[in-house]
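The values are calculated or read from the model by the stated rules, or taken from the named source; none is laboratory data. Since the model is a prediction, treat every value here as computed from it, not as a measurement. In this analysis, Cβ positions are derived from the backbone assuming ideal geometry, glycine residues included, and neighbour counts consider all displayed protein chains.
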Amino acid sequence: MILTNQKIELIGLSKEELKEELVKIGEKAFRAKQIWHWLYHQGETDFAKMSSLSKDLREKLPEHFTITRPEIIKEQNSEDRTRKWLLQFNDREKIETVYIPEEDRGAVCISTQVGCAVGCKFCNTGCQGLTRNLTAAEIVSQFMVARDSYGEWPTPTDTTRYLSNVVVMGMGEPLHNTNETIKALKILTDPDGIGLSKRRVTLSTSGVASRITKIASELGVKLALSLHAPNNKIRDSIMPINKKFKIEEVLDACKEYQNITGARQYITMEYVMLDGINDAPEHARELVKIMKQRNLGVKFNLIPFNPWEGSEFKCSSRNKIVKFSRILEDAGFSAPVRVSRGQDISAACGQLKTKESKSET
């Protein structure tokens, strides 16, 4: 939980924690369900407007609690309707949140850390290092900022909501902040509030093998693995985490995840296309081999590298990417090429924060 001027921030509390805090101030625990509805179904930030509560309770709550959002430092809108926010928390640390639109709906890409300790060489965020973990409140509030921005309160039904999905693919490695990430996603998928379907939430990890099964057993959301290489030699060179968790161990953990969640729960293998590094036909054939060895149900997401200032990498040519995709698809795997979004607003993770930091120096 977050303490703001000795008041307890309600966003980010679990239902049980909310009940406990209400009991501490002499209120009945059942009031928690009413307040939860106002927080996460109505999106209300003003206690005085919580009309189903008694007047006395509405006056009492702000003496002990607060409902806040992170400060929006910058909002950018792309020509392709991508929207990006640079958000600042109470300690003045900043993170990024992005809305990625599709034809009739879209996904909110949320962050779990300020910076990242994994240090993937092709990732802008990874080059910033880790400052701290985000709390569940700070993770949840990113989605709520997006909801505020699009006026999606009260929570619409699954068939009408515009912000329909959450992808935990922003700044940070979520499995280095496992407990707060799990807590936040339980709030986002709670049917009494925001009510996102678990099928519409995807958590992406760089491969913290020891914690993948925890996500399967406690959340059951979709899993994406930032794979980016077909073998340990290449992965070691671009992803330092591979020196701790080798590809074989990570894929075995993915298989266990699939055993827990069900064979129909396909895992997305994210693969950034780096010219001359991981984009040769033999690399695609290696990928086919290691997936079929484990009988893993996967689909590939081929990502053209989005260059950023100071990066040593270049994006693979379109011809190389198409050929790579065809090899995977001919072997029976779905392997679409991701359409780059928001390039005119630096929508790749970490770019907006980097630019803002430079402007402050």
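Take the conditions (1) modelled with pLDDT of 95 or more; (2) assigned to a loop (DSSP other than H, G, I, E, B); Arg285 misses just one of them, which is (2). I'm trying to understand the selection: among the residues of the stretch 146-200, which are small (Gly, Ala, Ser) and touching a Lys or Arg at 6+ places or on another chain (Cβ under 6 Å)? The answer is Ser164, and nothing else.
Residue count for the stretch 11-28, restricted to those that are over 28 Å from the mean Cα position of the chain (by Cα) and surrounded by fewer than 16 Cβ atoms within 10 Å (Cβ to Cβ): 6.
Per this entry, Arg147 is counted among residues that are surrounded by 18 or more Cβ atoms within 10 Å (Cβ to Cβ) and either modelled with pLDDT under 95 or of a type outside the set (Asp, Glu) (or both). Filtering the stretch 283-298 to residues that are within 20 Å of Asn232 (Cα to Cα) and either touching a helix residue (DSSP H, G or I) at 6+ places or on another chain (Cβ under 9 Å) or outside the structural domain of Pro336 (by TED's automatic domain parsing) (or both) leaves His283, Ala284, Arg285, Leu287, Val288, Ile290, Met291, Gln293, Arg294, Asn295, Leu296, Val298.
Can you tell me which residue is nearest to the chain's Cα centre (by Cα) among those in the stretch 308-338 that are among the hydroxyl-bearing types (Ser, Thr, Tyr) and closer than 18 Å to Asp275 by Cα? If we take residues in the stretch 308-338 being among the hydroxyl-bearing types (Ser, Thr, Tyr) and closer than 18 Å to Asp275 by Cα, then Ser311 is nearest to the chain's Cα centre (by Cα). Of everything in the stretch 96-121 that is among the hydrophobic types (A, V, I, L, M, F, W, C) and touching a Lys or Arg at 6+ places or on another chain (Cβ under 7 Å), the residue that is farthest from Glu75 (Cα to Cα) is Val114. Hey, does the stretch 243-265 have a residue that's of a type in the set (A, V, I, L, M, F, W, C), more than 29 Å from Glu312 (Cα to Cα), in contact (Cβ under 8 Å) with a residue 60 or more places away in the chain and in contact with a Ser or Thr (Cβ under 8 Å, 6 or more places away or on another chain)? Looking through the stretch 243-265, none of the residues is of a type in the set (A, V, I, L, M, F, W, C), more than 29 Å from Glu312 (Cα to Cα), in contact (Cβ under 8 Å) with a residue 60 or more places away in the chain and in contact with a Ser or Thr (Cβ under 8 Å, 6 or more places away or on another chain). Return the residue satisfying two criteria in turn: it lies in the stretch 288-301 and is assigned to a loop (DSSP other than H, G, I, E, B) and touching a Lys or Arg at 6+ places or on another chain (Cβ under 7 Å), and of such residues it is surrounded by the fewest Cβ atoms within 10 Å (Cβ to Cβ). Step by step, filter the stretch 288-301, then rank; the result is Arg294. If you check Tyr271 against the conditions, is it modelled with pLDDT under 95, under 22 Å from Val337 (Cα atoms) and within 22 Å of the chain's Cα centre (by Cα)? Taking the combined requirement at face value, the residue does not satisfy it. Kindly indicate whether Ser217 is among the polar types (S, T, N, Q) and within 25 Å of Gly119 (Cα to Cα). Criteria not met by Ser217. Hey, does the stretch 256-265 have a residue that's at pLDDT 95 or above, in the same structural domain as Thr178 (by TED's automatic domain parsing) and at positive phi? No, because not a single residue in the stretch 256-265 is at pLDDT 95 or above, in the same structural domain as Thr178 (by TED's automatic domain parsing) and at positive phi. Whether any residue in the stretch 67-81 is assigned to a loop (DSSP other than H, G, I, E, B), aliphatic (A, V, I, L, M) and farther than 23 Å from Arg161 by Cα is what I want to check. Scanning the stretch 67-81 turns up at least one residue that is assigned to a loop (DSSP other than H, G, I, E, B), aliphatic (A, V, I, L, M) and farther than 23 Å from Arg161 by Cα. If you filter the stretch 217-250 down to residues that are part of a helix (DSSP H, G or I), in contact with a Gly (Cβ under 9 Å, 6 or more places away or on another chain) and aliphatic (A, V, I, L, M), you find that the one that is farthest from Lys289 (Cα to Cα) is Ile241. For the stretch 37-80, residues that are under 18 Å from Val108 (Cα atoms) and either of a type in the set (S, T, N, Q) or without any contact (Cβ under 8 Å) to a residue 24 or more places away in the chain (or both) total 4.
Note on the stretch 82-100: residues that are part of a strand (DSSP E or B), of a type outside the set (A, V, I, L, M, F, W, C) and buried (at least 19 other Cβ atoms within 10 Å of the Cβ) amount to 6. Considering the stretch 150-204, and only residues there that are of a type in the set (A, V, I, L, M, F, W, C) and over 13 Å from the mean Cα position of the chain (by Cα), the residue that is farthest from Phe300 (Cα to Cα) turns out to be Trp153.
Every condition in (1) in contact with a strand residue (DSSP E or B) (Cβ under 9 Å, 6 or more places away or on another chain); (2) in contact (Cβ under 8 Å) with a residue 60 or more places away in the chain; (3) buried (at least 17 other Cβ atoms within 10 Å of the Cβ) holds for Arg105 except the one numbered (3).
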